[in-house]
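> Attaching a single structure in structure tokens format; questions to follow.
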Amino acid sequence: LLVGSGGVLSHAPLRAQTAAMMIDAFQPEGVTQLAVDSIFMMPHLGVLASVDEQAATDVFERDCIVYLGTCVAPSGDGKMGDVCATYELQSSGQTQTGEIRVGELQLSPFADGAEGELAITPGRGWDVGAGPGQPHSTAVRGGVVGLILDGHGRPLALPEDDDERRTCVRTWNQALQLYGEAD
């Protein structure tokens with residue numbers, strides 16, 4: 001669980017923008033649940049917890065924390081467009097399958113509070129949390145943004161060419177609907 005806190009993250013106009021800032025800044029690897037301190041209250045709750053632990057917990061769970069979703073980010077390096085991992089998500093009796101391609105970012109709806117089982121099979125040399133090339137299964141939770149499938153690779157590398165870099169960033173922005181646009 002990666003929890004972002006601070007005014008910029010708490011007050012971003014769209015929750016997808018918060019998720020994108022956290023992913024770009026922290027570059028989580030493998031499977032990471034993302035959340036944000038929605039009202040920039042965590043520092044104050046620490047003080048409240050020293051007086052009334054239950055009240056602090058109640059405010060944290062009810063008013064403070066917003067689950068953004070889960071980020072699946074294979075770590076490795078490869079050629080743009082190659083498959084770096086395949087996945088299968090089972091949730092509520094439904095099965096969703098797909099591929100994560102190098103250089104691509106995808107957003108899949110996965111409702112807040114939804115839970116599922118995610119099985120990821122990395123491509124050769126890629127790691128999704130169990131070691132290079134090793135499949136990984138884990139429980140995942142949805143959020144207000146959804147399931148983010150991040151094929152950026154780790155560490156994040158942008159194309160050298162200015163036009164390619166702009167195109168790449170524009171495509172990522174559209175994938176997460178960072179400015180309200182749909183694909």
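The values are calculated or read from the model by the stated rules, or taken from the named source; none is laboratory data. Fair warning: this is a prediction, and the values are worked out from it, not measured in the lab. Don't worry about glycine lacking a Cβ; one is built from the backbone with ideal geometry, like all the others, and counts go over all protein chains shown. Protein only, heavy atoms only, side chains kept; ligands, DNA and RNA dropped before computing areas. Shrake-Rupley method; radii C 1.70, N 1.55, O 1.52, S 1.80 Å.
> Work out the length of the dipole vector of the range 16-66 about its Cα centre, built from +1 on the beta-carbon of each Lys and Arg and -1 on the beta-carbon of each Asp and Glu, and round it to the nearest 20 debye.
Working: 1 positive and 8 negative charges, 22 e Å.
Computed charge dipole of the range 16-66: roughly 100 debye.
> Just want the answer: with Cβ charges of +1 for Lys and Arg and -1 for Asp and Glu, which residue in 60, 111, 85 is farthest toward the dipole's positive end in the chain?
85
> Using 5 Å bins from zero, what percent of all Cα-Cα pairs in the chain falls into each bin?
Answer for the chain: a P(r) of 1, 8, 16, 19, 19, 15, 10, 6, 4, 1, 0, 0 percent.
> If you rank 59, 144, 36 by how much accessible surface each has, with a 1.4 Å probe, what is the order from largest down? Before the final figure, lay out the partial values.
Numbers: 59 35, 144 75, 36 0 Å².
Ranking 59, 144, 36 by accessible area, largest first, yields 144, 59, 36.
> Put 40, 110, 26 in order of accessible area, largest first, 1.4 Å probe: what do you get? Mind showing how you got there, number by number?
Details: 40 90, 110 15, 26 125 Å².
Sorted descending by solvent-accessible area, the residues read 26, 40, 110.
> Here is a follow-up. Loop-only trypsin sites (Lys or Arg not before Pro) in the range 113-176, please: DSSP not H, G, I, E or B, and at most 16 other Cβ atoms within 10 Å.
Here the trypsin sites (Lys or Arg not before Pro) that fit, given the DSSP loop and packing criteria, are 124.
> Okay, next question. When the accessible area of the chain is computed with all protein chains present and a 1.4 Å probe, what percentage of it is carbon and sulfur?
Reported share for carbon and sulfur atoms: 50 percent.
> Let me ask another. Considering the chain as a Gaussian network with a 10 Å cut-off on Cα pairs, which listed residue, 139, 55, 73, attains the greatest mean-square fluctuation?
55
> Also: Show me, for the range 101-111, the HN-Hα J-couplings you get by feeding each phi into the Karplus relation (A = 6.51, B = -1.76, C = 1.60, θ = phi - 60°), rounded to Hz, glycine and proline as x.
Listing the rounded values in order: 9, 4, x, 9, 10, 10, 10, 10, x, 7, 4 Hz.
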